Each structure stands twice: as structure tokens, then as C-alpha cells.
Amino acid sequence: MRGEASFTAGTVGGGTCSFVNYSLSSGLFATGIGPSNWASGGKCGACLQVNGPRGSVKVMIVDSCPSCQQNRLNLFDDAFRKIGDPTDGIIPVTFDIVSCGITSPLWVRNKVGTSKYFFSMQVLNANFPVTALHVSTDGGNRWEETTRQNYNYFEKEGKGGFGKDRVMVRVSCSNGRQVILPDVSMEEKAETSTPVNC
């Protein structure tokens, strides 16, 4: 895509994607993205290769930018300095979704208040955009959908739970791969890692 980039002094944990207590892998930087590309949180965690006047940088989408025009990135200032001069304010760029290149596993985190009566979970560290999250309570025979909220947590329709203290979770990524977590606790703030990434 062709667009432009501005910059901000943002923080990874302070963005709309709710990546609290999450650190970017070495070589990755961060950005916000405008409403036309935001997809109601669907692009949270996606990585972009951004090319500017002075070079190229890989960034992860961690925030929205409500005031940004179409195809505008709001790069964090350290990323902006890799490809442009801050005195310019706004620079022309091209960008495309790429693998994040993360070598550590994908993992999931439960929101505060999560229990067998209320399901709310986010996916972190995925190499490709997460497109869906399904839950099974019967060992994988039947999978139930969840809906991604614009604050980047997947929740059960009607804000309920799945009635179990432990469930199976299936994460689907945009590259067609799926990652299954066979034993996930429904305790609030619980984190569960996998041995793989997508």
C-alpha cells in the first residue's frame, strides 16, 4: 500500500490493542494505524514492513489512530527516525503485511474477570494476523466461535462463559495455520503458552 506516516511518543502497553506487559521482539518497532485499516481491532498484532525516504523498518500494530487519514501510519518516534526525518513531520511511505519473524511461541492471556461464566482472551506474539479464536469444551469434537472486540480480546457472544474451568483453544492465523492449546485455564489474568507459532 502507498500512504504516509506521522509519529508519536506512544507506548506498547498504552495502545488500543491492550498489549499491557508485553515487550516487542528485538528488531520490531511499533505503530498505530488509521480507521480505514484498523478493522475494529482486527489488525492488532499484525506486522508491517514500512519503506520510507531513508530506509525500511518492521513495525507491529499496537494502537489505533482515530485522527489518521486513509493509509496513514502513526509510527512510534524510534521507528519514524529509522526511515525519515522528524523535522518533516509527515513522510510518504509504502507498507505491506509481513511475518513478524518472532522466534518465541504464541500465547494467550485472559482478561480480568475471566471465569467459566465470562470468556475474554487475547492472543499475543503471533507471527501473522489472528483471524479467529474458537473454544472447545469436549476435547475438540465441537468448536464454538468467539468475537474479537475493538480492544483486542475475543469474547463469547452475549458476554457469557463456556461453563468449564479448563477448555481447548484454537487460534487461526491469516497464513492458514492453526495453533491448538489443549488445556487452558479460565482463571482471570491466566497466561498459556504454546510450543509453536503460526
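Answer yes if at least one residue in the stretch 111-121 is surrounded by fewer than 22 Cβ atoms within 10 Å (Cβ to Cβ), of a type in the set (Ser, Thr, Tyr), part of a loop (DSSP other than H, G, I, E, B) and at pLDDT 95 or above, and no otherwise. The answer is yes; a qualifying residue exists.
Taking each residue of the stretch 1-18 that is part of a helix (DSSP H, G or I) and looking for partners that are open to solvent by less than 40 Å² (accessible area, probe 1.4 Å) and hydroxyl-bearing (Ser, Thr, Tyr) with beta-carbon atoms closer than 8 Å, six or more apart or interchain, yields Val12/Tyr22; Gly13/Tyr22.
Give the stretch 19-36 a look and list any residue that's more than 20 Å from Phe154 (Cβ to Cβ) and either open to solvent by 30 Å² or more (accessible area, probe 1.4 Å) or part of a helix (DSSP H, G or I) (or both), or say none.
The first filter runs over the stretch 19-36 and keeps only residues more than 20 Å from Phe154 (Cβ to Cβ), leaving 23-32, 34-36.
Result: Ser23, Leu24, Ser25, Ser26, Gly27, Phe29, Pro35, Ser36.
Ser56 meets the conditions (1) more than 13 Å from the chain's Cα centre (by Cα); (2) small (Gly, Ala, Ser); (3) not in a strand (DSSP E or B) in every case but one. The failed one is (3).
Specify the residue that is most open to solvent (accessible area, probe 1.4 Å); the eligible residues are those in the stretch 131-164 that are among the small types (Gly, Ala, Ser) and part of a strand (DSSP E or B).
Let us first name the residues in the stretch 131-164 that are among the small types (Gly, Ala, Ser), namely 132, 136, 139-140, 158, 160-161, 163.
Filter again for part of a strand (DSSP E or B), leaving 132, 136.
Details: Ala132: 24, Ser136: 2 Å².
Among those residues, the one meeting the criterion is Ala132.
Take the stretch 170-193 and flag every residue that is open to solvent by 20 Å² or more (accessible area, probe 1.4 Å), more than 18 Å from the chain's Cα centre (by Cα) and under 15 Å from His134 (Cβ atoms). The answer is Pro182, and nothing else. Only a single item in (1) loosely packed, with under 15 Cβ neighbours inside 10 Å; (2) more than 22 Å from Val12 (Cβ to Cβ) is not met by Val167, and it is number (1).
The values are calculated or read from the model by the stated rules, or taken from the named source; none is laboratory data. The shown structure was predicted, so the numbers you read here are calculated from the model rather than taken from an experiment. Counting neighbours? That spans all protein chains shown, and the Cβs are built from the backbone with ideal geometry, glycine included. In case anyone asks, the SASA skips ligands and DNA or RNA and just uses the protein heavy atoms, side chains included. Shrake-Rupley method; radii C 1.70, N 1.55, O 1.52, S 1.80 Å.
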